[in-house]
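Take a look at the structure set out below.
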Ligand code: GLP
């Protein structure tokens with residue numbers, strides 16, 4: 001695992017964006033895994049600017065997002081589909097049909113999850129997977145537990161995560177109780193390269209668990225130690241606490 005300590009959130013966002021841009025410049029039909037949350041917003045702004053400046057072309061790019069609340073209408077203002085449309089997809093020249101987000105309104109969530117994994121495999125896997133990290137070490141919506149589900153699946157959210165995400169809603173009661181998420185197995189097996197961004201003191205404990213090298217289902221991020229090409233981009237607060 002490589003660790004890059006960044007001087008600021010902006011530096012972290014630029015270095016992360018350069019990894020994704022470099023991948024797309026090397027292979028125009030790259031498959032990129034994407035995350036939601038506040039952390040990648042700066043990175044997305046950089047990708048938008050590169051696209052608007054004519055430096056980066058998304059015409060042949062395919063993306064797969066990590067997770068989505070369940071159940072949720074994709075048009076709901078709090079859906080991750082809306083988040084991605086508003087913060088990235090609407091501002092770049094990606095074809096909407098190539099920008100995949102799990103369907104939070106799917107009747108049969110097991111079928112939705114199975115088809116999502118099949119679709120990732122049919123695309124030959126993910127060239128670069130972008131991750132954030134939850135305060136409790138969750139990745140996507142893989143929550144700490146006695147055991148983890150490897151494949152993409154429905155996950156009941158912990159109070160910790162619902163509390164952390166309630167800032168986007170009018171209150172914690174509005175936060176959905178479950179989500180669909182790529183499993184840690186999908187992330188590790190299907191990604192050729194993984195980059196994880198973490199910013200701020202709040203993330204220090206989670207980062208500490210990850211870099212300790214101890215692998216436990218109580219810390220889903222720790223499973224990233226099983227992957228051979230992971231780079232962490234951390235600001236000083238996330239690294240030092
Ligand atoms: C959510 C997402 C995660 C994300 C995490 C951290 O729970 N499902 O994919 O990594 O929040 O978000 P933030 O970057 O806002 O701290």
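So which residues in the range 44-71 are on the phi < 0 side of the Ramachandran plot, over 17 Å from the mean Cα position of the chain (by Cα) and either free of Cβ contacts under 8 Å to residues at least 12 places away in the same chain or not in a loop (DSSP other than H, G, I, E, B) (or both)? Within the range 44-71, 48, 49, 50, 51, 52, 53 qualify. Across the range 23-43, the number of residues qualifying as part of a helix (DSSP H, G or I) and more than 16 Å from the chain's Cα centre (by Cα) comes to 4.
Residue by residue, here is whether (1) away from the ligand (no atom under 13 Å from the Cβ); (2) closer than 21 Å to residue 145 by Cβ holds:
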| position | (1), (2) |
| --- | --- |
| 195 | no, no |
| 203 | no, yes |
| 212 | yes, yes |
| 228 | yes, no |
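Looking across the range 147-163 at every residue that is more than 17 Å from residue 66 (Cα to Cα) and out of contact with any helix residue (DSSP H, G or I) (no Cβ under 7 Å at 6 or more places or on another chain), the one that is surrounded by the fewest Cβ atoms within 10 Å (Cβ to Cβ) is identified as 147. Every condition in (1) under 21 Å from residue 65 (Cα atoms); (2) within 14 Å of the ligand (Cβ to nearest atom) is met by residue 207 except one, and the failing one is (1).
Pairs meeting the criteria (first residue in the range 127-139 and under 24 Å from residue 61 (Cα atoms), second residue within 7 Å of the ligand (Cβ to nearest atom) and in a loop (DSSP other than H, G, I, E, B), beta carbons under 6 Å, at least 6 apart or on different chains) are 130/35; 131/35; 132/35; 132/37; 132/39. For residue 99, indicate whether it is away from the ligand (no atom under 12 Å from the Cβ), at pLDDT 95 or above and more than 29 Å from residue 238 (Cβ to Cβ). No.
If you filter the range 5-18 down to residues that are in contact with a strand residue (DSSP E or B) (Cβ under 7 Å, 6 or more places away or on another chain) and surrounded by fewer than 16 Cβ atoms within 10 Å (Cβ to Cβ), you find that the one that is farthest from residue 49 (Cα to Cα) is 5.
Each residue in the range 127-184 was checked for being assigned to a loop (DSSP other than H, G, I, E, B), closer than 22 Å to residue 113 by Cα and within 9 Å of the ligand (Cβ to nearest atom), and 7 pass.
The values are calculated or read from the model by the stated rules, or taken from the named source; none is laboratory data. Quick caveat: nothing in here was measured; it's all calculated off a predicted structure. Quick reminder, even Gly has a Cβ in these numbers, built from the backbone with ideal geometry, and neighbours come from all protein chains shown.
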